[in-house]
Amino acid sequence: MFLQREKIVGCYYTVSLPSDDYFLLEVKDIDTSLCSHIYYNFASISANASIIINDPNAATEEGGLKQFNDLRKKNPMLKTLGTMECNEFTMTSADNINNAPLTDPKLRQKLVSNIVNYTKKYRFNGVDINYSDLPQHGGHPADKENFVLLLKALRERFDKENLILSVAVDPKEATAKILYDIKGISRYVNFINLKTFGFHGSSDADKKDGVGHNSPLYPSSKENAKERKKNIDYVVKYWISQGAPRGKLILGTASHGTSYTLANPKKFGRGAPFTKEGKFGNQMTYFSFCYMIKTWNYFYDPEQQVPYIHKGHETITYDDVRSIKAKAKYVQDMHLGGAMLYKIDHDDYRGDCGEKFPLLKTLNQVLRNEC
């Protein structure tokens with residue numbers, strides 16, 4: 001098993017075909033010095049335990065996967081991992097059970113072999129299993145045990161091949177109670193990528209609580225008991241209390257924002273009433289709105305340690321260098337294993353608003369003492 005001595009800076013990236021698109025980070029333009037681990041997004045696990053590459057044209061026919069794993073030539077210390085969706089299994093039959101590779105022992109062993117073969121064929125250093133969505137059937141008590149059994153079988157094979165095994169998980173307590181045996185998972189993985197973002201959105205269900213930040217570090221005094229669980233500090237402490245070693249927890253940070261249309265332009269920040277999703281949507285890439293930060297009104301919430309910008313009836317919640325630095329320092333203070341950015345191709349990788357990769361560089365400055 002790989003031993004990790006320094007803080008991890010994980011980089012999620014989607015391999016795409018080269019094009020004339022202004023907003024496309026090509027593999028060749030990735031600064032490999034800014035990542036300790038880089039993840040290729042992504043492949044899916046089908047209901048018959050086969051591995052499906054989601055964009056085979058970009059990944060194989062155009063050599064995207066080869067270019068991706070060749071990044072190690074630029075930085076021999078870099079580790080490349082393939083990510084795999086392990087919840088929403090691609091249906092290959094009329095069967096309405098969508099997680100058969102977990103529940104059927106024979107399919108589970110077949111899946112293990114297919115994952116190992118995929119990893120070796122494309123020369124990855126390991127695999128990141130994304131198990132973060134509740135299954136369509138609503139979950140079953142055996143799901144927790146079956147997922148741990150899959151990780152145990154993978155660990156046994158991966159140790160023989162000297163491969164890395166990680167998982168990406170929905171960190172929220174309600175989901176964790178349904179999906180995860182946290183202590184069991186921790187026993188078999190090298191580390192756990194907590195997807196500590198997406199705590200709030202602009203759905204009808206969110207309206208009663210008002211505007212909420214995508215990834216608050218701490219709770220707000222404006223929140224009720226239920227809402228006070230939707231923040232990084234609560235989640236990290238919950239996972240630790242359930243048996244996750246601090247050194248295996250990787251804090252997730254995001255390079256996208258969420259926009260809202262305010263009911264009253266004079267009321268903004270946590271809990272502000274809103275009428276609908278903002279005109280910029282729920283998945284704004286940082287590079288697409290960073291230029292607006294200088295021209296819109298800026299507000300930094302000292303309680304939750306996150307920024308907002310607002311102009312007229314529009315407001316955007318997001319992370320900037322200041323809030324990313326606060327989260328990286330939190331990783332240090334809590335003695336966690338590191339942090340990851342989801343995704344580096346949504347960062348300002350061209351430097352249109354200043355220096356290139358400002359969010360990713362901030363993680364490096366704090367966690368790896370590098371500029």
**Q.** Meets criteria (assigned to a strand (DSSP E or B), at pLDDT below 85 and over 19 Å from R155 (Cα atoms)) for N87
**A.** yes
Q) Considering only residues of the range 318-327 that are touching a helix residue (DSSP H, G or I) at 6+ places or on another chain (Cβ under 6 Å) and surrounded by fewer than 24 Cβ atoms within 10 Å (Cβ to Cβ), which is farthest from I293 (Cα to Cα)? A) K325
Q. If you check G281, G351, G312, which single one turns out to be touching a Pro at 6+ places or on another chain (Cβ under 9 Å), without any contact (Cβ under 8 Å) to a residue 24 or more places away in the chain and on the phi > 0 side of the Ramachandran plot?
A. G351
Q) Across the range 159-217, which residue is surrounded by the fewest Cβ atoms within 10 Å (Cβ to Cβ) among those that are in a helix (DSSP H, G or I) and basic (K, R)? A) K208
Q) Which one of these does I344 not meet: (1) surrounded by fewer than 19 Cβ atoms within 10 Å (Cβ to Cβ); (2) among the aliphatic types (A, V, I, L, M); (3) over 24 Å from G212 (Cβ atoms)? A) (1)
Q | Within the range 291-307, considering residues that are among the hydroxyl-bearing types (S, T, Y) and either part of a helix (DSSP H, G or I) or out of contact with any helix residue (DSSP H, G or I) (no Cβ under 7 Å at 6 or more places or on another chain) (or both), the one farthest from K266 (Cα to Cα) | A | Y291
Q | Test for P302: is it of a type outside the set (S, T, N, Q), free of Cβ contacts under 8 Å to residues at least 40 places away in the same chain and out of contact with any strand residue (DSSP E or B) (no Cβ under 9 Å at 6 or more places or on another chain) | A | yes
Q: Run G201 past the list (1) touching a strand residue (DSSP E or B) at 6+ places or on another chain (Cβ under 7 Å); (2) modelled with pLDDT of 95 or more and report the number of the one that doesn't hold.
A: (2)
Q.
Which condition from (1) surrounded by 22 or more Cβ atoms within 10 Å (Cβ to Cβ); (2) closer than 25 Å to V235 by Cα; (3) under 20 Å from the mean Cα position of the chain (by Cα) is the one that Q283 breaks?
A. (1)
Q. Residues of the range 168-191 being of a type in the set (A, V, I, L, M, F, W, C), under 17 Å from E145 (Cα atoms) and over 10 Å from the mean Cα position of the chain (by Cα), which ones?
A. A176, I178, L179, I182, I185, V189
Q. Do we find that K276 is touching a strand residue (DSSP E or B) at 6+ places or on another chain (Cβ under 8 Å), among the charged types (D, E, K, R) and farther than 22 Å from K327 by Cβ in this structure?
A. yes
Q: Within the range 242-278, track down each residue that is in a loop (DSSP other than H, G, I, E, B) and either charged (D, E, K, R) or without any contact (Cβ under 8 Å) to a residue 12 or more places away in the chain (or both).
A: N264, K266, K267, R270
**Q.** Scan of the range 342-371 for residues that are out of contact with any Phe, Trp or Tyr (no Cβ under 7 Å at 6 or more places or on another chain) and either of a type in the set (A, V, I, L, M, F, W, C) or closer than 18 Å to P216 by Cα (or both), ordered by number
**A.** L360, T362, L363, V366, L367, C371
Q. Any residue in the range 350-363 that is under 18 Å from A254 (Cα atoms), out of contact with any strand residue (DSSP E or B) (no Cβ under 8 Å at 6 or more places or on another chain), among the hydrophobic types (A, V, I, L, M, F, W, C) and crowded, with 21+ Cβ neighbours inside 10 Å?
A. yes
**Q.** Subset tally (residues that are in a loop (DSSP other than H, G, I, E, B) and acidic (D, E)) for the range 101-137
**A.** 2
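The values are calculated or read from the model by the stated rules, or taken from the named source; none is laboratory data. These figures come from a predicted structure and were not determined experimentally. Note that we place each Cβ from the backbone using ideal geometry, even for glycine, and neighbour counts take in every protein chain shown.
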